[in-house]
Amino acid sequence: SDAICSFVICNDSSLRSQPIIFNPDFFVEKLRHEKPEVFTELVVSNITRLIDLPGAELAQLMGEEDPKLPGANSTASGFFRSLMSLKRKEKGVVFGSPLTEEGIAQVSQLIEYLHKNLRAEGLFRVPGNSIRQQILKDALNSGTDIDLDSGEFHSNDVATLLKMFLGELPEPLLTHKHFHAHLKIADLMLFDEKGNKTSTPDKERQIEALQLLFLILPAPNRSLLKLLLDLLYQTAKKQDKNKMSAHNLALMFAPHILWPRNVTANDLQENITKLNNGVTFMIKHSQKLFKAPAYIRECARLHYLGSRAHTSKDDLDLLTPPGSKELQPLKSQKRSRLDTCHQEETQQRTEEALKELFRHVHNMPDSAKKKKLIRQFNKHPTALTPGSDVPTSPAPRRTRSRSFSGLIKRKVLGTPVILERKSRDATPEPERVSKENVHLLQKCGSPAHMSQVKLKSLEGRKEESCRRMRAHLLSKDSSSL
């Protein structure tokens, strides 16, 4: 609930210049609180992408099976576990109880005080005074106010009490369910050019895996872990004063953060080095571990907004959980987008070819074949729309002739203009085409040359018509005389 922000309109002019704080993990936290099953499935699917978790270990991580921890079947471990349970019968509000928000609020006073006193040499290693520690412990359990700055308590007292609080928790801060996953993270190594595993840790993948694991921690555990690792990070930064490096601090806190409860160092055997190095790594990179990976943020944002405007290529290549109906697989979205682009490109090439064919038909000389082709184009208007580039209508009708011969036809003889139009549209007879025109028709096959031939043929017919008409008029005038 601490990550869900609300907006308040502020009318105070002195505060308007303050920067606006926006949580980049807002949609991640929203998805975690509103749909925890979808959120867990999304995170766990990406964890298994990074580390190999067999069926039993995955079931333990999901809480479906009880975790199988080292040393759980030994007699010594069973005796030690019963002894610790007897010790925890008298539980207080804070110490020895399961982790709660109230307990974190009390312990945060210790952490806040230690942030102001990080220069004490041997901090967390040198034990404090047991009497003062008991007084402070009783005060925290009772919930009374404590003034740590009064000088009554030493920083070593507070540091030792903080370790005592973590040691009395029923399970480690990272929980028993995550134990095997952290062992696998410690084994993430780089590969050489031949694909062989090296001994160099793969820091980027380790950080990514820890970010994902921390996302599915219980909320109280995650809150206290963030406060604790930040304190240890700041302590290691001042190791020139307190003589406590990140590795030294890891040796102090690994049993409380990561080691299973009621086990000894002999039970862990070869894993003890991995666990200590893992806590050292957490301390050094604590400032990066509590941010959700970019693709988790994007999946959560897509879940609520449904937009892909800012999705990067690497994020699209990652799969979302297959069982989630709300979160569509990003890879299938990318594939469908590519298929659509391919179809559009094919359709565009087809339309361009059809338009080119229509231009060729349009430039052909007037003939029965051309009219037939144009009618076929007009029968399928949905297949091609050449009107955007080329006119689809037939060739425009010629205007009425204003020549002397046309005037004689209309005024003297009364010949309909339809005859003239029919003569223009009709195919010229072979005997009326001159030898020169026939030669041009055989020589030239392009539409431009064909139109020139037709023009010459029409001009010859026009001259012959005029000559016949003048002869007819002269014969008529002579007969009348």
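The values are calculated or read from the model by the stated rules, or taken from the named source; none is laboratory data. These numbers were taken from a predicted model, which means no experiment stands behind them. Cβ sites come from the backbone with ideal geometry, for glycine too, and all protein chains shown count toward neighbours. In case anyone asks, the SASA skips ligands and DNA or RNA and just uses the protein heavy atoms, side chains included. Shrake-Rupley method; radii C 1.70, N 1.55, O 1.52, S 1.80 Å.
Compactness ratio of segment 209-287: Cα Rg over 2.2 N^0.38 Å, N = residue count?
1.12
Considering the dipole of segment 134-217 built from charges on the beta carbon (Lys and Arg +1, Asp and Glu -1) around the Cα centre, which of Thr200, Gln211, Leu173 is farthest to its positive end?
Thr200
For segment 96-203, what is the accessible area per residue in Å² when the probe is 1.4 Å?
49 Å²
Measure off, as a whole percent, the carbon and sulfur share of the 1.4 Å-probe accessible area of segment 126-273, all protein chains present.
51 percent
Once you have the Cα-Cα distance between Ala368 and Met164, take 0.36 nm times their residue separation minus that, and quote the gain in nm to one decimal.
Length difference between fully extended and current span is 63.1 nm.
Full-extension gain between Lys243 and Arg49, please, as 0.36 nm times their residue separation minus the C-alpha to C-alpha distance. Let's see the in-between values first.
Numbers: separation 194, 0.36 × 194 = 69.84 nm, distance 3.92 nm.
Stretched out fully, the Lys243 to Arg49 stretch lengthens by 65.9 nm.
In nm, give the distance between the simple-model label positions of Ala105 and Glu351, each being 7 Å from the Cα along the Cα-to-Cβ direction.
Between Ala105 and Glu351, the simple spin-label model gives 6.6 nm.
Evaluate E = 1/(1 + (r/R0)^6) for His115 and Lys194, where r is the Cβ-Cβ distance and R0 equals 45 Å; express this FRET efficiency to the nearest 0.05.
Efficiency computed from Cβ-Cβ geometry: 0.40.
Enumerate the amide H contacts of Leu190 below 5 Å, restricted to partners 5 or more residues apart or on another chain; note that Pro and chain-start residues carry no placed amide H.
Here Thr198, Thr200, Asp202 satisfy the definition.
Roughly what would the spin-label model give for Ser142 and Ile272, points 7 Å off Cα along C-beta, in nm?
Between Ser142 and Ile272, the label points sit 4.0 nm apart.
Using 7 Å Cα-to-Cβ label points, what is the Glu64/Lys288 separation (nm, one decimal)?
3.2 nm
Would any residue of segment 202-241 have its amide N under 19 Å from a label point 7 Å out along Cα→Cβ of Glu171? List them or say none.
210-226
Once fully extended, how much extra length lies between Leu305 and Asn23, figured as 0.36 nm per residue of separation less the alpha-carbon to alpha-carbon distance?
99.9 nm
Using the Cα centre as the reference, give the magnitude of the dipole from point charges on the C-beta atoms of segment 83-189 (Lys, Arg: +1; Asp, Glu: -1; all else neutral), rounded to the nearest 20 debye.
Taking the Cα centre of segment 83-189 as origin, the dipole is about 500 debye.
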